[in-house]
Each structure stands twice: as structure tokens, then as C-alpha cells.
Amino acid sequence: MLATDARSAAKTWRPQEFGGKRASSVPDPIVEPLWTGPRVLALIANGEAILTDADGEVVTGDDALRDALLEASRGSTILVEGTLTPEPLQRLDDLAPRDGVAVPTPGRMARQMLIGDRGDRKDRLAAHVEALERRARIDPFAEVAFVAVDLIWLDDDSLCDVPLLERKRILESVLAESRLVRLGAFVKPPIDRWIGSWRTLGFRRIAFKAANSRYIPGSRNPDWALADLPRR
């Protein structure tokens, strides 16, 4: 969808969706742990921060988070994709309830790593129910942080045609971290050394995104895929 400036993009664009490619087929991927919470777009411009959800609705409340985003932006006009989640603010022992989520069997894990989200309807339904159960364990009144994962507009320019890895590098230079504003972690394979720490922190799913992929607002990207976090 065309947009002439960051504000019009924030009003009309939606977070990009994951495609159905097998995780193992994503070319030259970067891998991210998935946070629990709604994906949103954050517009930071002209002294205000506006958050819109996947349905295009403005997220209201939480003035402290908006103030933190304004301070983090260093004066740039930016449109950032991220997740609203209390998880970065929780103590490690507070994450324990998420360990109660059923761990996939080795067979299911292998299928998920091979076919991503193209499993049968039963597997998709099970994944959806699991996500709802995880969200239900989060206090709806808990303080949330914004975890930034992608930069899609900077000042006067759309970055949708800039490769993902470069967008992430630019994001690191224009958004400062604080208690309420975080930069999402990402690594290049092999990911074996990270699996244990991600699982300890309560993560159960991971995203594979092609390092050279572009951003397609509101559409499925064939070079983005989801998979269960291997249990090793």
C-alpha cells in the first residue's frame, strides 16, 4: 500500500505477516525469539508517539511508554514494528508459569522445523490455542514494554525496499534502549548456543526471516517463517 509520509503509512499500513515457507527453506535467515503480546506499529514524530495494532486501531493509555518512545527516538521521525509485552520487565522466576506450556514431541518439532506453518489444520489449531493460553497467563494490567524488531520508515523515506538486516542495523542507531523500550534480539545460524537461554527466558517459538527480505505491509512475506523452539 502506497504512503507518502510516515504518518500516512502509520494510518494505513499493518504489520507484515509470516508466509508458509518451511523454516529450513528461508534463505540466509536471521532468527528471532518471539515475544508474547500484540504486534504493533509505533509512529514517533513531532513530539508524539502513536501506537496502532494489527487492525489499525490506536492503542490508548500508557503515557509512560509513549514518553519513553519519544526519548528513545533521538528526534528522528520513525515508524517501527514491535511487540507490546510485559516479558522484558519480569523477573526470571516470574516466567516460570510459561514452562507449563506443553512442549512439542520430537516428531512434531521435526515437522515444524521442516514445514513451518504449513502443517495440517490440527497443528495450526494447537498452536493457536497455545498462544491464547500463554497470553491468558499475562496480567492484563501489567506494565508493558515495547520490543522493537523492524524499522520501516525513517524521516522522509520508506525503508520497505531496504534489506531486513540493514533495516535492523539502522534501527539500532536511531532507537535507544531503556527500561520500557527494547531492541529485539536476533542471531544468524547456527542457533544452538542460544536455544537454552531462550528457553530459560520462556520463549517457545522463533521466527526465521531472510536477511535480504523486504517489508510488505499487511501482506504475507514468503521469506518469513515460524517454527517451534527446538528442545535440546
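The values are calculated or read from the model by the stated rules, or taken from the named source; none is laboratory data. This one's a predicted model, so the numbers in the text were calculated from it and none came from an experiment. Methodologically, a virtual Cβ is constructed for each residue, glycine included, from the backbone with ideal geometry; neighbour enumeration extends over all protein chains shown.
Key figures
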item: Complete set of residues in region 203-215 that are more than 15 Å from residue 31 (Cβ to Cβ) and within 15 Å of the chain's Cα centre (by Cα); result: 215
item: Among (1) at pLDDT below 95; (2) of a type in the set (Asp, Glu); (3) closer than 23 Å to residue 150 by Cα - the single one residue 93 does not satisfy; result: (3)
item: Test result for residue 2, surrounded by fewer than 19 Cβ atoms within 10 Å (Cβ to Cβ), at pLDDT below 90 and not charged (D, E, K, R); result: yes
item: Which listed residue is among the β-branched types (Val, Ile, Thr), in contact with a strand residue (DSSP E or B) (Cβ under 9 Å, 6 or more places away or on another chain) and under 20 Å from residue 168 (Cβ atoms), from 52, 77; result: 77
item: Test: residue in region 196-206 that is polar (S, T, N, Q) and at pLDDT 95 or above; result: no
item: All positions within region 198-215 that are within 21 Å of residue 41 (Cα to Cα) and crowded, with 20+ Cβ neighbours inside 10 Å; result: 206, 207, 208, 209, 210, 213, 215
item: Some residue of region 187-197 being within 16 Å of the chain's Cα centre (by Cα) and either at positive phi or surrounded by 16 or more Cβ atoms within 10 Å (Cβ to Cβ) (or both); result: no
item: Unmet requirement for residue 17, which otherwise passes all of (1) farther than 16 Å from residue 144 by Cβ; (2) over 18 Å from the mean Cα position of the chain (by Cα); result: (2)
item: Hits in region 171-186 (condition: surrounded by 15 or more Cβ atoms within 10 Å (Cβ to Cβ) and without any contact (Cβ under 8 Å) to a residue 60 or more places away in the chain); result: 183
